[in-house]
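Structure, as structure tokens:
The values are calculated or read from the model by the stated rules, or taken from the named source; none is laboratory data. Just so it is clear, the model here is predicted, and its values are computed rather than measured. Don't worry about glycine lacking a Cβ; one is built from the backbone with ideal geometry, like all the others, and counts go over all protein chains shown. Remember, those area values only see protein heavy atoms, side chains included, never the ligands or the DNA or RNA. Shrake-Rupley method; radii C 1.70, N 1.55, O 1.52, S 1.80 Å.
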2 protein chains.
Amino acid sequence: MTGNSRFAVSVHVLAYLAYKMGGQVTSAEIAASVDTNPVVIRRLLSALTKARLVSAHKGVGGGFGLSSAPANITLLDIYRAVEPQPDHGLERFTPNHKCPVGARIETILRTAFFKAQTSMESELARISLEDVHQQLKPVCPGKH
Amino acid sequence: MTGNSRFAVSVHVLAYLAYKMGGQVTSAEIAASVDTNPVVIRRLLSALTKARLVSAHKGVGGGFGLSSAPANITLLDIYRAVEPQPDHGLERFTPNHKCPVGARIETILRTAFFKAQTSMESELARISLEDVHQQLKPVCPGKH
DNA sequence: GGTCTATGTAACCATAGTTGTTACTTTATC
DNA sequence: GATAAAGTAACAACTATGGTTACATAGACC
């Protein structure tokens, strides 16, 4: 049970909004699809709203909706909206700088982690919410 | 303070062994370089030993040493030795399968995470412990 | 205006992961 | 046999996460 499920849930939430095609959707309805508490959903949607990926409306008939077309939202946008900058453990990594290795290893690791992270993020950037939306539809090209 | 520092510390540990060039190094000496407890180091080295990246020797004059040349050990080898398979939160992600979105999103996410993870790992595979070792040496080509 | 509905958010709890630490066993060397 | 080192279990402190309750805020509708 490593890591958190914020990103996974967030993609689910936005995929649900895409699936609903522009109508206002309440946190309660989304929570039923994710099988969790509405507050958990609203917490995530709060971050997604700040990132301008969704818009929120209070009151009767209110709810959440996508701010942009699914084709214009990438998984990287979602990832960055809900995940803090990963530090790959460097925050608790405080080697002894009196040792030649300890003095230099941090910089080396930082460079390596940056490359790995950049590579992963560029892969997320290649997948749009529209791609996810398309995959939600059953694929039955030869249905008769 | 997200995540753990196992990978970062493990790279430090192996870089230290590479720096020591083949001699037996005790967990106490490594712990001094990392600035932590020897047991923490031995825990990591236990995983690294199981992955056959290092060999251990008990008793007087014992300690740890690299099993292969630094050029033959990649950061991906180290990563896989000390990190569990990342699930990106999918373990705690149990959507409602009665919902059309909830029923399909898991597979879609699994595919996306696999691509991102593979991309990151291929970047780690491109960096060897020898590369790290080289970067440990001060670069003063024009020193006079 | 008043009521209803929905978001926004703070506060708290249970659970689990991580690290540091002590203590002990096992094993190799001398 | 004494010593030194790895191997590992057990425990404590700290933190992150997700679920929950409670309440404040704001819009819709009568």
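Using protein heavy atoms only (no ligands, DNA or RNA), what is the total accessible area buried between A and B, 1.4 Å probe, nearest 100 Å²?
4300 Å²
Using a 1.4 Å probe on the protein chains only, how many percent of the accessible area of the protein assembly as shown belongs to carbon and sulfur?
C and S atoms contribute 54 percent here.
Which one, B:A28, B:A116, B:A125, has the greatest fluctuation when you compute a Gaussian network model over chain B with C-alpha springs under 10 angstrom?
Among B:A28, B:A116, B:A125, the largest GNM mean-square fluctuation belongs to B:A116.
Counting pairs of alpha carbon atoms under 8 Å apart in space and at least six apart in sequence, what relative contact order in percent does chain B give?
Worked out over chain B, it gives 27 percent.
With every protein chain kept in place and ligands, DNA and RNA left out, what is the accessible area per residue of chain B? Probe 1.4 Å, answer in Å².
Heavy-atom SASA per residue in chain B reads 53 Å².
Let me confirm one metric for peptide B:119-127, namely the mean number of other chain beta-carbon atoms within 10 Å of its residues' beta-carbons.
5
In the protein assembly as shown, with Lys and Arg counted as +1 and Asp and Glu as -1 at Cβ, which of these residues, B:S68, A:A112, B:I105, has the Cα nearest the positive end of the dipole, that is, farthest along it?
It is B:I105, whose Cα lies furthest towards the positive end.
Mean residue ellipticity at 222 nm from the helices of chain A, using -39,500 (n - 2.57) per DSSP H segment of n ≥ 4 over the full residue count, to the nearest 500 deg cm²/dmol?
-17000 deg cm²/dmol
Hey, for A:Q85 with labels 7 Å out along Cα-Cβ, what do the inter-copy distances come to in nm, ordered shortest first?
3.3
So how far, in whole Å, is the C-alpha centre of the range A:1-37 from the one of the range B:49-102?
Taking the Cα centre of each part, the range A:1-37 and the range B:49-102 sit 31 Å apart.
State, to one decimal in nm and shortest first, how far the label point of B:P38 sits from each corresponding label point in the other identical copies (label point: 7 angstrom along Cα-to-Cβ).
Result for B:P38, in nm, nearest copy first: 5.9.
Label-to-label distances across copies for B:T49, with labels 7 Å out along Cα→Cβ, in nm, shortest first?
Listed shortest first, these distances are 5.5 nm.
Mind grabbing the accessible area of A:H57 for me, 1.4 Å probe, Å², rounded to tens?
Counting only protein heavy atoms, A:H57 exposes about 100 Å² to solvent.
If you keep only loop residues by DSSP, which trypsin sites (Lys or Arg not before Pro) in the range B:1-90 have at most 16 other Cβ atoms within 10 Å of their Cβ?
When the trypsin sites (Lys or Arg not before Pro) of the range B:1-90 are filtered for loop state and at most 16 Cβ neighbours within 10 Å, B:R52, B:K58 remain.
With bins 10 Å wide starting at 0, give me the P(r) of the range B:48-144 over every alpha carbon pair, in whole percents.
Spelled out per bin, shortest first, that is 13, 28, 23, 19, 11, 5, 1, 0.
Taking amide H positions as placed 1.01 Å from N in the peptide plane, with prolines and chain starts having none, which residues 5 or more places from A:I73, or on another chain, fall under 5 Å of its amide H?
Hits under the 5 Å cutoff: A:L129, A:E130.
Place a +1 charge on the Cβ of each Lys and Arg in the range A:6-136 and a -1 charge on the Cβ of each Asp and Glu, then give the dipole magnitude about the Cα centre in debye, rounded to the nearest 20.
About 420 debye.
Too long at a 31 Å Cα-Cα cut-off: which of B:K20/B:K115; A:K50/A:K115; A:K115/A:K137?
B:K20/B:K115; A:K115/A:K137, as the Cα separations exceed 31 Å there.
Taking amide H positions as placed 1.01 Å from N in the peptide plane, with prolines and chain starts having none, which residues 5 or more places from A:S67, or on another chain, fall under 5 Å of its amide H?
When sequence neighbours closer than 5 places are left aside, the close amide H contacts are A:V54, A:S55.
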